Amino acid sequence: MNSDWETNLEQRRQERRTRRQQRCQARRRTLTGLGAFAVLVMLTTIFVRFGPALPALNLANATPPVPAEILCNDQPVVKLASYAEAKDVIEQVIAHFTTGQEKEGRLVEFKVINDVAIREGDSGGLPLSTPEAAYESLISLKQEPVIYEVQQGDVLSAIAENQRIPMMEIIESNPGLDPDKLQIGQTLKLVKPVYHITIESKFEIDAEEAIPFGVEEVYDPQLGWGKTETRREGQPGKRKATYILTKANCEVVNQELTAETAIEEPVARLVARGDRYIVASRGPGQFSWPVPSRKVSSPFGSRWGGTHHGVDFYAGIGTPIAATAAGVVTFAGWNGLYGKEVIISHGNGLESVYAHLNTILVGPGQRVEQGENIGRSGATGRVTGPHLHFEIKVAGSHRDPLELLR
Ligand SMILES: [Zn+2]
């Protein structure tokens, strides 16, 4: 009988022989290779699952992880204990801004707009954050100075309105600024709430909503001069609409109608008027500018092989829109590619149209004065960016508004 020691030695020799044979066979038999790969995957899985439980594999104690900083637009904003922690925090911030915001909406896509990076190491200027504190900080607004360049046609009140900063604060953060003497290209320091990470997300939303009714006017010579009579009450319709909502973090920056199905058509209110329409082409001075800045982004006339029935004015989201002349609102609501729209009848066959609004502040049948704030500009309907589409119609045909506004 061999001793245990001899048995072991013989066993090891046998094992080595077997392994040599296996290596040679492996070169010829690729299928065996695949099998071995499967075993390797299984072993790796077992290692990953159970490895950290073994005291000998506790690498965290052996070499502490290098701290990592999250950089937004090349500026370190928070420091975490490790790269893995930093990555996890960014993923949580993205999840925060892309889920649970619109209960009925479906997330279609999202992208991180600004530069966000993780850098291992320590720039020395930041205290170490817990992942919870870092997450809280990145999902909150911070008062940060932002540089704004004055554009042609800018006035301080409009900048304040568009940037949503009180005018006094702009004056305070720019010592020596003369609000009446802004120059193109001049830079202003605006302290405004901003996020370190900006995530643009698109949500698809279904809505069942009312279709506002318009007003139809008919001429009835039987009625006395200046008299009006409602011949039929208006009735709102109903429709199913699908919107794509674009959000920058929590704020809706665009809303686009992508599909609509009328369930019930609206019935216009029918008003008879005793006074005859006098179709007149009014001279300049009758119409005032609908936007504070008079910058035209697209003129009236031929455009892209078609006809542009109005003029487009540059207007950031939220810019107050004014009625060009006194009149009666005949339409206020969603109108397909025009988005949220207001139509005002000024009498004598004159009408003005304000499209792509973000907010409508008037209703059908309402009387408005010249210069009255009827809504706020936006980017609803078919647009490439926020602006005001403005039309003037004379007896049903479009005229170049700039000829009448000048
Ligand atoms: Zn237009």
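The values are calculated or read from the model by the stated rules, or taken from the named source; none is laboratory data. Quick caveat: nothing in here was measured; it's all calculated off a predicted structure. Positions of Cβ are generated from backbone atoms using ideal geometry, with glycine treated the same way; all protein chains shown enter the neighbour counts.
The table for this structure:
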| item | result |
| --- | --- |
| Flag for residue 355 being at negative phi and within 16 Å of the ligand (Cβ to nearest atom) | yes |
| Qualifying helices (runs of 4 or more DSSP H) (wholly inside the range 76-187; at least 2 residues being of a type in the set (Asp, Glu)) | 83-98, 131-138, 167-173 |
| Identity of the residue in the range 320-352, over 16 Å from residue 211 (Cβ atoms), in contact (Cβ under 8 Å) with a residue 60 or more places away in the chain and surrounded by fewer than 23 Cβ atoms within 10 Å (Cβ to Cβ), that ends up nearest to the ligand (Cβ to nearest atom) | 320 |
| Unmet requirement for residue 152, which otherwise passes all of (1) closer than 28 Å to residue 294 by Cα; (2) at pLDDT 90 or above | (2) |
| Tally, over the range 78-91, of residues that are surrounded by 15 or more Cβ atoms within 10 Å (Cβ to Cβ) and under 24 Å from the mean Cα position of the chain (by Cα) | 2 |
| Residue in the range 384-406 that is away from the ligand (no atom under 12 Å from the Cβ), touching a His at 6+ places or on another chain (Cβ under 7 Å) and closer than 22 Å to residue 217 by Cα present | no |
| Among residues of the range 318-338, those that are closer than 21 Å to residue 262 by Cβ and either modelled with pLDDT under 90 or in a strand (DSSP E or B) (or both), counted | 8 |
| Hits in the range 254-271 - residues which are among the aliphatic types (A, V, I, L, M) and surrounded by 15 or more Cβ atoms within 10 Å (Cβ to Cβ) | 257, 267, 268, 270, 271 |
| So residue 211, is it aliphatic (A, V, I, L, M), out of contact with any Leu (no Cβ under 9 Å at 6 or more places or on another chain) and farther than 29 Å from residue 367 by Cβ | no |
| Lone unmet requirement of (1) closer than 14 Å to residue 288 by Cα; (2) among the charged types (D, E, K, R); (3) outside any helix (DSSP H, G or I) for residue 403 | (3) |
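Conditions tested, residue by residue: (1) more than 30 Å from residue 261 (Cβ to Cβ); (2) touching a residue at least 40 places away in the same chain (Cβ under 8 Å).
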residue	(1), (2)
147	yes, yes
152	yes, yes
166	yes, no
175	yes, no
198	yes, yes
212	no, yes
